[in-house]
Structure formats: structure tokens, C-alpha cells
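The values are calculated or read from the model by the stated rules, or taken from the named source; none is laboratory data. Note that the structure is a prediction, hence the values are computed from the model and not measured. Backbone-built Cβ (ideal geometry, glycine too); neighbour counts: all protein chains shown.
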DNA sequence: GTGACAATGGACCAGTAGGTCCATTCTGGC
DNA sequence: GCCAGAATGGACCTACTGGTCCATTGTCAC
């Protein structure tokens with residue numbers, strides 16, 4: 001990789017940020033390099049100067065940026081999902097973050113789904129970010145299990161998977177319905193399901 | 001619309017079916033008319049002969065077909081979600097349907113999300129199919145409320161929204177992880193949350 | 001059989017996509 | 001101030017997109 005001057009890093013950052021917003025709003029396929037060029041006031045050569053791999057590189061970079069943004073918005077709860085209070089706070093921070101976004105939509109989830117058909121390799125990379133996100137939930141649940149706050153037979157992986165699915169589905173519906181309600185309903189239901197795996201076996205779990 | 005001979009209707013059906021499979025696997029943007037032409041052994045002119053509106057018309061048609069397929073796979077449970085047994089059967093039929101599909105992925109949900117950036121009008125039409133699907137869940141819950149199987153303060157709309165979100169999110173994750181587990185976990189959790197709105201708030205939960 | 005019209009094949013077109021290239025202008029260490 | 005190399009502008013290229021058009025072949029009611 002060639003050296004970058006301070007001006008260079010600034011330009012690169014500007015490109016990634018503008019590209020992130022564009023792609024989040026219109027999808028990968030719906031955003032052309034020309035759109036990005038126009039949206040950043042740069043030239044075509046700069047795009048390839050900073051992202052030699054072209055669009056793929058750009059998408060890779062913006063997926064990373066977006067993931068950090070989303071993850072940061074969930075802190076500090078995301079790192080301390082050891083209590084039910086933390087889960088409630090987490091729920092609220094997720095809703096607040098997405099509600100503050102200009103346009104609805106699930107960046108990571110939708111992007112993965114879109115890429116999976118045209119570029120499975122890149123899709124897998126983006127999916128990795130989702131795995132990381134889900135990992136935080138699972139880590140919290142694992143700690144709760146160890147602390148005896150979950151029933152001994154509860155499976156953190158399955159619980160995290162279900163919770164994360166609710167989140168992604170809620171975002172998907174929020175996008176198509178242009179409302180926060182689906183996300184809120186989905187997360188609330190997910191937390192109810194989660195709590196049903198809490199220590200005192202009040203709610204019974206459906207076994208298959 | 002011009003008249004169609006029996007041969008014509010057969011060709012048209014063949015196009016829609018092949019296009020459905022292609023688009024489901026690779027997305028709308030990832031599937032060109034040429035792919036469809038090749039996949040059906042037809043010529044370009046036939047595509048526009050049977051779908052004068054071009055790709056939009058085709059997508060419209062295949063979204064409808066796919067919706068019918070998915071809905072049919074959930075019957076008879078989908079129409080009779082009046083009991084918890086029916087909900088369990090519904091869950092199983094959904095899992096069975098998607099497990100039998102060649103490739104994972106949420107046709108309707110992902111398609112809506114993809115289209116929303118490039119063709120909001122078409123996206124809204126496709127989203128209508130999702131609303132219809134969700135409507136069946138809500139209708140069942142409404143009947144359960146009326147029959148006293150849900151707590152009086154339960155809101156069928158919110159419950160249906162959350163359940164549907166779990167379903168869509170489960171499908172999304174199933175697609176990116178190439179596994180049925182996320183879907184199963186999501187649906188199981190959704191049913192737990194649903195049952196928590198069952199009639200006796202503090203009394204013993206009814207056995208399955 | 002024949003004629004009107006559906007069904008089909010495939011050349012063709014304009015627009016746009018991602019991507020390359022080279023000439024020019026800036027930056028910063030010396 | 002100099003100059004290697006970074007930063008930038010933008011013309012240009014090729015591939016492929018959705019879409020048009022017309023000539024040919026097949027179908028079927030009469």
C-alpha cells in the first residue's frame with residue numbers, strides 16, 4: 001500500500017463516509033461509482049487510488065465503518081450484557097440509534113443478503129461483521145449462564161441466534177414499513193423469550 | 001393484453017418459474033434478462049411479449065408466484081392459527097418448506113429490501129405481499145384474543161409484527177449462515193414470546 | 001386451405017456500469 | 001527551492017444492461 005499524506009487520509013475518509021450513506025440508503029447494486037464520485041466531489045481516479053480493488057474494496061471498507069458505528073451506538077451495554085437491566089438498556093440504545101438514522105434499513109443484514117447472490121466471497125466477509133455483533137450477545141448470555149442467571153440447560157448460542165434474528169427481522173420490517181414499531185415489537189418479544197430462560201423456571205420452554 | 005394460446009400460457013409460466021428460481025437465488029439486481037432468457041431457453045422478444053413492462057413486470061409476477069408458493073406451504077395451519085397446536089404446526093411447516101428449498105434465503109423480505117433503494121414503487125408492491133402474509137398471523141391472534149386464549153390486554157398487531165420479524169430475521173440469518181438453525185431458533189423464541197401473552201397471567205401454563 | 005394473429009428468433013441500440021490511463025497539480029522532507 | 005511521489009481531473013475503454021424492432025414460423029377458427 002502506498003503512503004498516504006494527511007490530505008490523502010482525509011480524502012479517503014470522506015469517500016468512505018459518503019459512500020456508506022449512499023450504499024446504506026440505496027443498496028450496493030443501486031449505488032454506482034459515479035454516484036459516489038458525485039457525492040464526494042472527487043474524481044474517478046481517486047476512487048481507485050484509495051481503493052485499488054474498486055467497488056469491492058469500497059464496500060469492504062464501508063461495511064467495516066458501518067459496523068463500528070452500529071456497535072458503538074450500543075455501548076456500553078453491548079459489552080456488559082450480564083444483567084437484565086443491561087439487556088433493557090441495550091434494547092433502548094438499538095432503537096434510539098436506528099431511530100436517529102435518516103433512513104431506515106438494515107445495513108449489514110440487507111447488504112449480506114444482497115451480496116450473497118452476486119459476490120459470495122464479499123458477502124461472507126460482511127457476514128463476518130454480523131457474526132461479531134452476534135458474538136457480543138452470545139458472550140453476555142454465556143456470562144449470565146455462568147453466573148447462574150440463566151437456567152442450567154439454556155443454550156447461549158441458540159438464545160443469541162434467536163435474539164439477533166429478531167433484531168435483524170425487526171430492522172427489515174422497519175425499513176419496508178418506515179416505522180420504528182416493528183423493531184420495538186421484535187426486540188421486546190425477543191427479551192421476553194430471553195427472560196423465559198431465566199433462572200427460576202416459571203415459563204416452560206417448548207422442546208422439540 | 002393480447003390473447004394467449006395454450007402454448008403461450010405455457011411459455012409464460014415457464015418463464016416466470018425459471019425467473020423465480022434465478023431471482024430468488026441471485027437477487028433482482030444480480031439476475032439479468034439475459035440470464036433469464038438463457039435459463040428458460042427463450043428469446044429476448046418473448047420476455048417482452050409476455051411481460052410488456054420488462055423486468056418490472058417480471059419481478060411483479062414472480063413475487064406473486066413466490067408468495068403463493070410460500071403461503072401454500074404453510075397451509076392449512078396458516079388459516080387456522082386459533083390454537084397453540086396450530087402455531088406449532090405452522091412453525092414446523094415453515095421450517096420444512098424452507099429446508100426443502102435448494103438454496104436458503106428470504107425471497108420476499110430480501111427482495112423488498114433490495115428494491116427499496118432502486119424502485120420504491122415496486123418495493124411497496126412486493127411489501128404488500130409481506131403484509132398479506134403477516135395479516136394471516138394477526139388474524140389468528142385476533143381470533144385467539146376473541147376466544148379468550150390471549151390475555152385481554154394483548155395486542156394482536158404487535159404480537160404478529162414481532163413474530164413475523166422473528167421469521168424474516170431467521171430466514172435472513174439462515175441464508176447467510178446456510179443453516180436451518182437460525183430459523184428454528186427464531187421461530188421457537190417467537191412462539192415462547194407469543195405464549196407469554198396467553199390467558200392465565202400468573203396461573204399455571206397449560207400443557208402442550 | 002387460408003388468413004389473421006400469436007409465438008419466436010435474434011440482430012440491434014443507447015445508456016451506463018466498472019475500470020484503465022495519463023497528464024497535471026500539489027505536498028513535504030531534504 | 002527542489003523533486004520524488006502522492007493527489008487529482010477527466011477522457012477513454014469495454015462489457016453488459018434493459019429494451020426495441022422486424023422478419024419468420026407456428027396455430028387455429030373458419
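Among the candidates A:113, A:100, A:93, which residue alone is touching a residue at least 12 places away in the same chain (Cβ under 8 Å) and either within 13 Å of another protein chain (Cβ to nearest Cβ) or within 16 Å of residue A:171 (Cβ to Cβ) (or both)?
A:93
Tally the residues that are crowded, with 24+ Cβ neighbours inside 10 Å and at the interface with chain B (Cβ under 9 Å from one of its Cβ atoms), restricting the search to region A:142-158.
Of the residues in that region, 0 qualify.
Looking at this structure, is residue B:105 surrounded by 21 or more Cβ atoms within 10 Å (Cβ to Cβ) and assigned to a loop (DSSP other than H, G, I, E, B)? Quick ask: steps written out before the conclusion?
Details: surrounded by 21 or more Cβ atoms within 10 Å (Cβ to Cβ): yes; assigned to a loop (DSSP other than H, G, I, E, B): yes.
Against the criterion (surrounded by 21 or more Cβ atoms within 10 Å (Cβ to Cβ) and assigned to a loop (DSSP other than H, G, I, E, B)), residue B:105 qualifies.
Just a yes or no: is a residue in region A:121-130 more than 7 Å from chain B (Cβ to nearest Cβ), more than 15 Å from the chain's Cα centre (by Cα) and modelled with pLDDT of 95 or more?
Yes, that holds for at least one residue.
Using the structure shown, decide if residue A:159 is in contact (Cβ under 8 Å) with a residue 60 or more places away in the chain and part of a helix (DSSP H, G or I).
In short, no.
Which condition breaks for residue A:35 when tested against (1) within 14 Å of another protein chain (Cβ to nearest Cβ); (2) more than 15 Å from DNA strand D (Cβ to nearest atom)?
So residue A:35 meets the others, but not (2).
Restrict the check to region B:90-109 and report whether at least one residue is more than 21 Å from residue A:116 (Cβ to Cβ) and out of contact with any helix residue (DSSP H, G or I) (no Cβ under 7 Å at 6 or more places or on another chain).
yes
Yes or no: residue A:118 within 7 Å of another protein chain (Cβ to nearest Cβ) and free of Cβ contacts under 8 Å to residues at least 12 places away in the same chain?
Considered against the rule, which asks whether it is within 7 Å of another protein chain (Cβ to nearest Cβ) and free of Cβ contacts under 8 Å to residues at least 12 places away in the same chain, residue A:118 comes out as no.
Would you pick out the residues in region A:189-204 that are more than 7 Å from chain B (Cβ to nearest Cβ) and either under 11 Å from residue A:95 (Cβ atoms) or modelled with pLDDT under 95 (or both)?
If the condition is that a residue be more than 7 Å from chain B (Cβ to nearest Cβ) and either under 11 Å from residue A:95 (Cβ atoms) or modelled with pLDDT under 95 (or both), then A:198, A:199, A:200, A:201, A:202 are the ones that fit.
Would you check if residue A:28 is more than 16 Å from DNA strand D (Cβ to nearest atom) and crowded, with 16+ Cβ neighbours inside 10 Å?
Criteria not met by residue A:28.
Among the residues of region A:56-67, is any assigned to a loop (DSSP other than H, G, I, E, B), surrounded by fewer than 17 Cβ atoms within 10 Å (Cβ to Cβ), within 16 Å of DNA strand D (Cβ to nearest atom) and more than 14 Å from chain B (Cβ to nearest Cβ)? Before you say what the answer is, go through the steps one by one.
Step one: filter region A:56-67 for residues assigned to a loop (DSSP other than H, G, I, E, B), giving none.
The answer is no; no qualifying residue exists.
So, in region B:161-176, exactly how many residues are farther than 28 Å from residue A:118 by Cα and at the interface with chain A (Cβ under 7 Å from one of its Cβ atoms)?
2
Criterion first (surrounded by fewer than 24 Cβ atoms within 10 Å (Cβ to Cβ), within 23 Å of residue B:160 (Cβ to Cβ) and in contact (Cβ under 8 Å) with a residue 40 or more places away in the chain) does residue A:171 satisfy it?
No; evaluated as a whole, the condition is false for this residue.
Out of (1) at the interface with chain A (Cβ under 10 Å from one of its Cβ atoms); (2) modelled with pLDDT of 95 or more; (3) surrounded by 19 or more Cβ atoms within 10 Å (Cβ to Cβ), what's the single condition that is false for residue B:84?
All conditions are met except number (3).
Please return the ranges of helices (runs of 4 or more DSSP H) entirely within region B:1-54 where 1 or more residues are over 25 Å from residue A:119 (Cβ atoms) and either within 11 Å of DNA strand C (Cβ to nearest atom) or under 25 Å from the mean Cα position of the chain (by Cα) (or both).
In region B:1-54, B:6-26, B:44-50 are the helices (runs of 4 or more DSSP H) which contain 1 or more residues that are over 25 Å from residue A:119 (Cβ atoms) and either within 11 Å of DNA strand C (Cβ to nearest atom) or under 25 Å from the mean Cα position of the chain (by Cα) (or both).
I need a count of the residues in region B:177-187 that are surrounded by fewer than 24 Cβ atoms within 10 Å (Cβ to Cβ) and at the interface with chain A (Cβ under 7 Å from one of its Cβ atoms).
Looking only at that region, the number is 1.
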